[in-house]
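In what follows, a single structure is set out as structure tokens and then discussed.
The values are calculated or read from the model by the stated rules, or taken from the named source; none is laboratory data. All values reported here derive from a predicted model rather than from experimental measurement. Positions of Cβ are generated from backbone atoms using ideal geometry, with glycine treated the same way; all protein chains shown enter the neighbour counts. Keep in mind that these areas ignore ligands, DNA and RNA; they rest on the heavy atoms of the full protein, side chains included. Shrake-Rupley method; radii C 1.70, N 1.55, O 1.52, S 1.80 Å.
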Amino acid sequence: MQDMDSKQFCPGEFWPDDQGIHINAHGGGVLHHQGRYYWYGEHKIEGEAGNQAQVGVHVYSSSDLYQWKDEGIALKVDDDPQSEIVRGCILERPKVIYNRTTGKFVMWFHLELNGIGYSSARSGIAVADRPTGPFQYVKSIRPNAGAWPMNVPDELKKPLDAAELAQMKGLEFPGNWVPHYPPHQIFRRDFDAGQMARDMNLFVDEDETAYHIYSSEENGVLHISQLSEDYLQSSGRYVRIFPGKFHEAPALMKHRGKYFMISSGCTGWHPNAARLSVADSIWGPWQELENPCIGTEEEKSTTFNSQSTFILPVAGKEDAYIFMADRWRPENAIDGRYTWLPIQFKNELPVLEWKDRWDLNFFAAPAR
Ligand code: GAL
């Protein structure tokens, strides 16, 4: 167990906040703002009921990344049954970014409307004036309605015709690969209504342009989508990457001009092997690389029994990035653990290796 006053990371272990309570911010992400870190994540309750949103998005703050102050619920679920974020909906992977022009903190999350499983595949948006909230829910969308991806040939830029729709009728898409998955059709099916968006992340580039990265097209394709200047909508500029490859849990970083992404395959709460990819431009082309995990077969095939959620650049340190991942406990959701590991570079490529204990001095070590 990690002590309350500990100055180290203990991946996978109980991690107490300033009240001695295990941090409750699953599927999370971290914002660095004016010298402080803010960790946002899904607040989960005990048991399987914790897999739905019963409380909202929890936020913690820290100056050193080891010790976290409970700042309360940044975005609360609603008791009004008409609300899209009514208690019992599915609200996952919340991420917050700061818009320098509007001065607003903008939260995006994966939203599934209450009672219909994972079929809505929407993105929820909320805003606040302060990093700890309270966030006001704005709306949910299916991104990029009426816009064609920038990287598809012109002949694919047309909605499905009646015959194509008839062919697809009755086919089930369970969210992972099935032999009848059509890798270049679902975005055409969803052109008018907007693109499906489940597991997601946000990434702000050096020029303050923000991107929404999400598992789309029944989870078969990742989309990278530029946000509007106020970060409150999708801009209609987006690309599809890895069609038919079924990635989720995408997390992006930019290192020495290159974009790296760590993601997972689609096996629900069960961990699988991490996937690493790289691009010179955020718009691609994206290239898939080897599994970034080194260690035992078990560690490599399960990403240390964890699934990616965010890559956190350490403020004020060069080439220092923390891989943040979740070790889910779906049968007692509140007890999910956090796997934070330092990203190392071997031959200029990110590599992850298990550490029982580590601290930020790791990044300064000359041996790297
Ligand atoms: C995972 C996903 C989680 C959650 C879960 C539900 O694949 O990464 O965020 O949606 O499935 O089974």
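Miscellaneous remarks
- Filtering the range 232-260 to residues that are of a type in the set (D, E, K, R) and either in contact with a strand residue (DSSP E or B) (Cβ under 8 Å, 6 or more places away or on another chain) or modelled with pLDDT under 95 (or both) leaves Arg237, Arg240, Lys245, Glu248, Lys254, Lys258.
- Identity of the residue in the range 240-269, aromatic (Phe, Trp, Tyr) and out of contact with any Phe, Trp or Tyr (no Cβ under 6 Å at 6 or more places or on another chain), that ends up farthest from the ligand (Cβ to nearest atom): Tyr259
- Unique match (being buried (at least 18 other Cβ atoms within 10 Å of the Cβ) and among the small types (Gly, Ala, Ser)) among Gly88, Gly20, Gly41: Gly41
- Identity of the residue in the range 5-35, more than 20 Å from Thr339 (Cβ to Cβ) and part of a loop (DSSP other than H, G, I, E, B), that ends up modelled with the lowest pLDDT: Asp5
- Condition met for Leu276 (aliphatic (A, V, I, L, M), over 17 Å from the mean Cα position of the chain (by Cα) and more than 16 Å from the ligand (Cβ to nearest atom)): no
- Every residue from the range 73-91 that is assigned to a loop (DSSP other than H, G, I, E, B), closer than 17 Å to Ala49 by Cβ and without any contact (Cβ under 8 Å) to a residue 40 or more places away in the chain: Val77, Asp79, Arg87, Gly88, Cys89
- As a summary of the residue check, Phe304 satisfies the conditions (1) open to solvent by 40 Å² or more (accessible area, probe 1.4 Å); (2) more than 23 Å from Phe109 (Cα to Cα) except for the one numbered (1).
- Of all residue pairs spaced 6 or more apart or on separate chains, those with beta-carbon atoms under 9 Å, a first member in the range 17-34 that is in contact (Cβ under 8 Å) with a residue 24 or more places away in the chain and a second member that is assigned to a loop (DSSP other than H, G, I, E, B) and of a type in the set (Asp, Glu) are Ile23/Asp17; Asn24/Asp17; Gly27/Asp199.
- Matching residues, the range 337-355, being over 19 Å from the mean Cα position of the chain (by Cα) and under 20 Å from Ser301 (Cβ atoms): Gln344, Lys346, Leu349, Val351, Glu353, Trp354, Lys355
- Of all the criteria given as (1) in contact with a strand residue (DSSP E or B) (Cβ under 8 Å, 6 or more places away or on another chain); (2) loosely packed, with under 14 Cβ neighbours inside 10 Å, the one not satisfied by Ile294 is (2).
- Taking the range 65-91 as the range and being within 18 Å of the chain's Cα centre (by Cα), more than 16 Å from the ligand (Cβ to nearest atom) and not small (Gly, Ala, Ser) as the test, only Leu75 passes.
- The residues of the range 239-259 that are open to solvent by less than 10 Å² (accessible area, probe 1.4 Å) and within 14 Å of the chain's Cα centre (by Cα), listed by number, are His247, Ala249, Pro250, Ala251, Met253.
- Hey, Arg189 open to solvent by 20 Å² or more (accessible area, probe 1.4 Å), of a type in the set (Lys, Arg), within 16 Å of the ligand (Cβ to nearest atom) and under 27 Å from Met261 (Cβ atoms) or not: no
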